[in-house]
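K.L.:
Would you mind keeping the following structure in view while I ask a few things?
The values are calculated or read from the model by the stated rules, or taken from the named source; none is laboratory data. This one's a predicted model, so the numbers in the text were calculated from it and none came from an experiment. All Cβ positions, glycine included, derive from the backbone under ideal geometry; neighbour counts span all protein chains shown. Calculation scope for accessible area: heavy atoms of the full protein, side chains included, ligands and nucleic acids excluded. Shrake-Rupley method; radii C 1.70, N 1.55, O 1.52, S 1.80 Å.
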Amino acid sequence: MTAKPREPQPRSAAAVGCGTEIEYLSFFVDGQMFGLPLLSVQDVLDARTLTPIPLAPPEVAGALNLRGRIITAINTRRRLGLGGAAVEGRRMSVVVEHEGELYNLIVDRVGDVLHLSVEDCEENPATLDPMWRDLSTGIYRLENNLLVVLDVNKLLTFTT
Amino acid sequence: MDDLMRDFLAETTESLSILDLELVKFEKTPDDADILMNIFRLVHTIKGTCGFLGLSRLERVAHAGEDVLGRFRDGALQPNAAAVSLILACIDRIREIIAALEDTGSEPAGSDEVLIEQLRALAAGDAVIPAAAPSAEPAVATPAPQAEHLEAAPTEGGGAAAPLMAEAGYPMAAEMVAEVEAALAAGQKAASEAEILADCRSEAETADMERPDDYGVAAAEETAASAAAAYTGLDRRTGSDRRSGDDRRDTAASAQSIRVSVDVLETLMTMVSELVLTRNNLLQMVRGRDDSEFAEPLQRLSLITTDLQEGVMKTRMQPVGNAWGKLPRIVRDLAMETGKKLDLQMIGAETELDRQVLELIKDPLTHMVRNSADHGVEMPEERIRAGKPETGTVTLRAFHEGGHIIIEVSDDGRGLNTRKIRRKAADLGLVSEAELESMSDAQVQQLIFRPGFSTAEKVTNVSGRGVGMDVVKTNIEKIGGTVELKSTSGKGSVFTIKIPLTLAIVSALIVECGGERFAVPQLSVRELVRVSPSGEHSVEVINDSPVLRLRNSLLPLVSLHGLLKLEQSRKITDGDFFVVVTQVGAQNFGVVVDQVFDTEEIVVKPVARMLRKIPFYSGNTILGDGRVIMILDPNGIATAIGQATLASAAEEVEAVAHHSDQRASLIVFRAGDEERKAVPMALVARLESIDLASVERANDRHVVQYRGRLMPLVHLGSEPDWSSGGTRSVLVFSDQDRYAGVVVDEIIDIIEERLEVGLSSERQGILGTAVINGKATDLVDIAYHLTRAFSDWFGPAEDMSTSRHPEISRSRRLLLVDDSPFFLNLLTPQLAVMGFEVTTAESAEQALSLRDRGVRVDLIISDIEMPGMNGFEFAQAVLSDGRWGQVPMIALSSHVTKAYRERGKQAGFLDYVPKSRREELLRVLNQTLEGLGEAA
């Protein structure tokens, strides 16, 4: 995944200098595009059988077996405060590591890997949902979309 | 670094930790020749090996230490604290050098002349210098500034010292090469006594020849003289010790072991775990297909896998004592440094746990013991002032419980000072003032686990070096454990560490509930019962809580549906369910589930951090079919249903010190006539069914053989027809080793009810009438009936007659202290009938802790003979404190002599009443109350 033939990105205007580009894995929840630094992503999975965990926080969707490791599935929709039922069909999930444990973020759809320049990253606008503002490290204005970059550690720290 | 050096380092580090232990033991029992010999041998082996490896600095230090030990051995020198400190300093120096060796691969530069001179002087019998010596060279006595010392050493060392070391070192090396080669050839590891003797001889010669050049004539003469004395001592001893020496040689030869890297074991363990899971998977596939050709080989595979798993597990299990090895030394040093008197008790050192877990708790444990000894235990004067023994005790206790290992670190020191913690927390800004206001003392105590908190006023050398309890807590939680703290001001603190046996493979029962499957550790499952409305067992509801009648005992039930908030289609009372009878500590309860599958071997994996707050899971695992399943924690469930057995001291006090106005369980039955009768459930030891045909007559009484004894039977009301045959229910009462049975016609129910006795009774054997479950019920005076079975049930026989209970108009708070729960249960309802609000305590200590918690009482009745603090001491303790100082006290004892009465009066008891004479107690109570009334 990290082997990268550097294709020029459509919006490469700011791709100046070396080492200022970050790769993001984009995914969609409830139509909104989100991104996670590619280096923090361990795996991308398709839908799997989950074991529900009674009494777990509502953000926890269950647990599943990934090649002999037990990982905790997170209802990302719920965690991001997005309403509505999950999209039926092939839901996917993004596996990330947090404090030595693996978590599985359930998302509606996984998009492309984007190479974006650090300098293009903007501060969270004041109009951004306060809940997202806490979870996000910044946003990118792409041609058709707004990419909200999520902070894995904050995303997986919740107290209920 | 070559292999030889690595082995040497590993072996020496091991020897050093044994040495620490042995030396502390030796200090306590200086006469034990075996311990001394062991120490001598260890030091000798270290010396020998480093000579062989050309580690001259190390060798010289070891040699000097060995000389002193030799003098102890032959009795020429009496070991005292200062001498042992010096030897320990010598061992610390060796350790420092070893540590540097490990880091750099070569001996650090530096001089040990000061230390060696001290040792030499000590060996020569000059005890004065060594006594003061350790402080002269601080790097030796305190382990902490080790790195600093090593850096500072070269300046101190330069010049003349270096060549001198080389000269003294190398000739020895050559000699050692020969020795070690010979030993290797003989297949021996440790030097035997005979060899040591031979070594000593040749060394003496070497020393005689060479040392004068280095140290001057006087020193050489001293050394030679001491050495000579030591060797004659050895000679003398060799004869008597030869046998044990030979024994040791045998063990040394037979103790064949190899060192295996931990990584190899870890990999093995992981692979075996995976193998077990794969095996389970295969078994699941073949199950239900009787004709499968795989069945037989699979069974063999299964067996081998199990054996393999056990074998690998064994390599990982180590007694927890291995993590405690350093502690006696640490506590001893601490005692020396601080001037405290400290005793370290280690209980359950043989309790085994996973090696990995052991490694991880080593440091937290060390820190906690240090903390307890340093901050918890007071200085001797302070302890004496507080009325405690001068020597403070730190206790380490380990045991297994419900798939966990529990380690308690407790001290009998001053306890946590919540006021100081509050102040400090506020100063540090850990919590806001407002938060502090609303926090209970117990919550305040938990603050010490916050990062950046250290309670010690002064940062001592021993603890408080920035590593706080927060690190301890984090480290323990990292492995899925918990730390609990209970502290009582003036009484000490108890830290309870609970660590799950993670990674270990356990056998678990798979159950289903609300469509979900769960694993229950087989360890705590006692049996399975199927319940259905039409079947043999059915669920009853008593006072809104479901119970199961199981072999004459009532088992409280908890539904897993309710506990885990799962959907439940059927009511628990009408439907087929399974009850998993679970035992946690001494408590039994039933967990109601929909379905029970078979048992499976599972690899316990800790649950994700964000799920650890849920008390009902001890872990999770992957089943044979690849599905993830949660493992239920019986301890958590027990706690949830209020039967916590892990309750810490304070909670126990609360549980025992119940008030009579709280609910009490009563057994309601019929006997003799149609009236409903009741006795407190707590009094009844067992419910039994007895075949009337087995009832015999002896000494004009009805008796039955019960548990190898004769149990007298009494009846209430009209006499049963003994000859009629058939079975009858019997309430069995027991106190100490005696049983007595009360024959009843029918047990109606067990009811939890607030005990309010309305009418007191005129009839013998009936305390009064109460409304129980909406019906008038006679409360039976069991004491009256028991004295019919055993006239001396409450002590020496005295004529017994019941008397009228005087009514007490106002509710008075009465504290009853007696170590016999039976007696407490017996007397409580009687006193309640008299209108008292009764609080009970099973020991004087417990009673005093009630006082400390601010419980107020108007009258105290106390037993005299109690374990721990007796009644007399209790009375003094009560009088010495203002809170209860004015409360009248009455002694109640089965031991009544004139002398005792006198002593009781002196101790401050108003009166002294024999246990067997309740009417006198009532009279005295009346009198006392009249007195109180006047005073009020």
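K.L.:
Would you check which residues across the range B:49-59 are within 19 Å of B:GLN118 (Cα to Cα) and buried (at least 24 other Cβ atoms within 10 Å of the Cβ) and list them? Outline the logic, then answer.
P.N.:
Keep residues of the range B:49-59 that are within 19 Å of B:GLN118 (Cα to Cα), which gives B:56-59.
Those that are within 19 Å of B:GLN118 (Cα to Cα) and buried (at least 24 other Cβ atoms within 10 Å of the Cβ): B:ARG57, B:LEU58, B:GLU59.
K.L.:
If only one of B:GLY339, B:GLY288, B:GLY325 is assigned by TED's automatic domain parsing to the domain that holds B:GLY376 and on the phi > 0 side of the Ramachandran plot, which one is it? First the steps, then the outcome.
P.N.:
Values: B:GLY288 fails: assigned by TED's automatic domain parsing to the domain that holds B:GLY376; B:GLY325 fails: on the phi > 0 side of the Ramachandran plot.
Selected residue: B:GLY339, the only one of B:GLY339, B:GLY288, B:GLY325 that is assigned by TED's automatic domain parsing to the domain that holds B:GLY376 and on the phi > 0 side of the Ramachandran plot.
K.L.:
Moving on to the next point. Considering only the range B:84-109, how many residues are touching a residue at least 12 places away in the same chain (Cβ under 8 Å) and either outside any helix (DSSP H, G or I) or not assigned by TED's automatic domain parsing to the domain that holds B:HIS44 (or both)?
P.N.:
Start the filter on the range B:84-109 by keeping residues that are touching a residue at least 12 places away in the same chain (Cβ under 8 Å), which leaves B:84-102, B:105, B:107-109.
Still in the running and either outside any helix (DSSP H, G or I) or not assigned by TED's automatic domain parsing to the domain that holds B:HIS44 (or both): B:105, B:107-109.
Residues meeting the conditions: 4.
K.L.:
Regarding B:ILE572, is this residue open to solvent by less than 40 Å² (accessible area, probe 1.4 Å) and modelled with pLDDT of 80 or more? Explain how you work it out, then say what you get.
P.N.:
On the way: open to solvent by less than 40 Å² (accessible area, probe 1.4 Å): yes; modelled with pLDDT of 80 or more: no.
Against the criterion (open to solvent by less than 40 Å² (accessible area, probe 1.4 Å) and modelled with pLDDT of 80 or more), B:ILE572 does not qualify.
K.L.:
From (1) open to solvent by less than 10 Å² (accessible area, probe 1.4 Å); (2) under 29 Å from B:PRO712 (Cα atoms); (3) in the same structural domain as B:VAL878 (by TED's automatic domain parsing); (4) modelled with pLDDT under 75, pick out the condition that doesn't hold for B:ALA770.
P.N.:
Of the numbered conditions (1) open to solvent by less than 10 Å² (accessible area, probe 1.4 Å); (2) under 29 Å from B:PRO712 (Cα atoms); (3) in the same structural domain as B:VAL878 (by TED's automatic domain parsing); (4) modelled with pLDDT under 75, the odd one out for B:ALA770 is (3).
K.L.:
Looking at (1) open to solvent by 30 Å² or more (accessible area, probe 1.4 Å); (2) aliphatic (A, V, I, L, M); (3) at pLDDT 90 or above, which is the only condition A:MET92 fails?
P.N.:
Every listed condition holds for A:MET92 apart from (3).
K.L.:
What number of residues within the range A:107-156 satisfy the criterion of being within 14 Å of chain B (Cβ to nearest Cβ) and either in contact (Cβ under 8 Å) with a residue 40 or more places away in the chain or of a type in the set (A, V, I, L, M, F, W, C) (or both)? Reasoning before the result, please.
P.N.:
Of the range A:107-156, the ones within 14 Å of chain B (Cβ to nearest Cβ) are A:152-156.
When the remaining residues are screened for being either in contact (Cβ under 8 Å) with a residue 40 or more places away in the chain or of a type in the set (A, V, I, L, M, F, W, C) (or both), the result is A:152-153, A:155-156.
Total satisfying the criteria: 4.
K.L.:
Something else now. Could you please let me know if A:ARG79 is surrounded by fewer than 17 Cβ atoms within 10 Å (Cβ to Cβ) and either within 14 Å of chain B (Cβ to nearest Cβ) or basic (Lys, Arg) (or both)? Outline the logic, then answer.
P.N.:
Details: surrounded by fewer than 17 Cβ atoms within 10 Å (Cβ to Cβ): no; either within 14 Å of chain B (Cβ to nearest Cβ) or basic (Lys, Arg) (or both): yes.
No, not satisfied.
K.L.:
In the range B:817-874, what residues are touching a Lys or Arg at 6+ places or on another chain (Cβ under 9 Å), open to solvent by 20 Å² or more (accessible area, probe 1.4 Å) and free of Cβ contacts under 8 Å to residues at least 60 places away in the same chain?
P.N.:
Answer for the range B:817-874, where residues must be touching a Lys or Arg at 6+ places or on another chain (Cβ under 9 Å), open to solvent by 20 Å² or more (accessible area, probe 1.4 Å) and free of Cβ contacts under 8 Å to residues at least 60 places away in the same chain: B:GLY835, B:GLU845, B:ARG851, B:GLY854, B:ARG856.
K.L.:
Look at the range B:405-429 and say how many of its residues are open to solvent by 50 Å² or more (accessible area, probe 1.4 Å), farther than 19 Å from B:ARG370 by Cβ and either among the small types (Gly, Ala, Ser) or not in a helix (DSSP H, G or I) (or both).
P.N.:
Adding up the residues that qualify gives 1.
K.L.:
Please name all residue pairs, on different chains or six or more residues apart, with Cβ atoms under 8 Å, provided the first residue is in the range B:427-441 and is within 18 Å of B:ASP470 (Cα to Cα) and the second residue is part of a loop (DSSP other than H, G, I, E, B).
P.N.:
Correct list of pairs: B:LEU428/B:GLY452; B:LEU428/B:PHE453; B:LEU430/B:ARG450; B:LEU430/B:GLY452; B:LEU430/B:PHE453; B:VAL431/B:MET439.
K.L.:
In this structure, does B:GLU381 turn out to be modelled with pLDDT of 85 or more, of a type in the set (Asp, Glu), surrounded by fewer than 21 Cβ atoms within 10 Å (Cβ to Cβ) and over 20 Å from the mean Cα position of the chain (by Cα)? First the steps, then the outcome.
P.N.:
Numbers: modelled with pLDDT of 85 or more: yes; of a type in the set (Asp, Glu): yes; surrounded by fewer than 21 Cβ atoms within 10 Å (Cβ to Cβ): yes; over 20 Å from the mean Cα position of the chain (by Cα): yes.
Against the criterion (modelled with pLDDT of 85 or more, of a type in the set (Asp, Glu), surrounded by fewer than 21 Cβ atoms within 10 Å (Cβ to Cβ) and over 20 Å from the mean Cα position of the chain (by Cα)), B:GLU381 qualifies.
K.L.:
Write out, first by first residue and then by second, each pair whose Cβ atoms fall under 7 Å of each other, whose residues are 6+ apart or on separate chains, and whose first residue, in the range B:116-131, is modelled with pLDDT under 50 while the second is of a type outside the set (A, V, I, L, M, F, W, C).
P.N.:
From the range B:116-131, the pairs are B:ILE129/B:GLN118; B:PRO130/B:GLN118.
K.L.:
Which of the residues that make up the range B:514-543 are away from chain A (no Cβ under 14 Å), outside any strand (DSSP E or B) and in contact (Cβ under 8 Å) with a residue 60 or more places away in the chain? Walk me through it before giving the result.
P.N.:
Step one: filter the range B:514-543 for residues away from chain A (no Cβ under 14 Å), giving B:520-543.
Okay, now just the ones that are also outside any strand (DSSP E or B), so B:522-524, B:532-538, B:543.
Of everything in the range B:514-543, those that are away from chain A (no Cβ under 14 Å), outside any strand (DSSP E or B) and in contact (Cβ under 8 Å) with a residue 60 or more places away in the chain turn out to be B:GLN522, B:LEU523, B:SER524, B:ASN543.
K.L.:
On the basis of being open to solvent by 70 Å² or more (accessible area, probe 1.4 Å) and at pLDDT 85 or above, does B:GLU390 make the cut? Before you say what the answer is, go through the steps one by one.
P.N.:
Details: open to solvent by 70 Å² or more (accessible area, probe 1.4 Å): yes; at pLDDT 85 or above: yes.
Considered against the rule, which asks whether it is open to solvent by 70 Å² or more (accessible area, probe 1.4 Å) and at pLDDT 85 or above, B:GLU390 comes out as yes.
K.L.:
In addition: Taking strands (runs of 3 or more DSSP E) that do not extend beyond the range B:544-639, which have at least 1 residues that are away from chain A (no Cβ under 12 Å) and more than 30 Å from the chain's Cα centre (by Cα)?
P.N.:
Details: elements: B:545-550, B:553-559, B:577-584, B:587-593, B:595-603, B:617-622, B:628-632.
In the range B:544-639, the matching strands (runs of 3 or more DSSP E) lie at B:545-550, B:553-559, B:577-584, B:587-593, B:595-603.
K.L.:
Test B:GLY904 against the stated conditions and say whether it is open to solvent by 10 Å² or more (accessible area, probe 1.4 Å) and outside any strand (DSSP E or B).
P.N.:
No; evaluated as a whole, the condition is false for this residue.
K.L.:
How many residues, within the range A:16-55, are open to solvent by less than 20 Å² (accessible area, probe 1.4 Å), within 12 Å of chain B (Cβ to nearest Cβ) and either outside any strand (DSSP E or B) or more than 30 Å from B:GLY619 (Cα to Cα) (or both)? Show your work before the answer.
P.N.:
Going residue by residue through the range A:16-55, those that are open to solvent by less than 20 Å² (accessible area, probe 1.4 Å) are A:24-27, A:29, A:33-36, A:38, A:41, A:45, A:51, A:53-54.
Next, only the ones that are within 12 Å of chain B (Cβ to nearest Cβ) stay: A:51, A:53-54.
Filter again for either outside any strand (DSSP E or B) or more than 30 Å from B:GLY619 (Cα to Cα) (or both), leaving A:53-54.
Residues meeting the conditions: 2.
K.L.:
Looking for something surrounded by 16 or more Cβ atoms within 10 Å (Cβ to Cβ), in contact (Cβ under 8 Å) with a residue 12 or more places away in the chain and more than 14 Å from chain B (Cβ to nearest Cβ) - is there at least one such residue anywhere in the range A:62-75?
P.N.:
no
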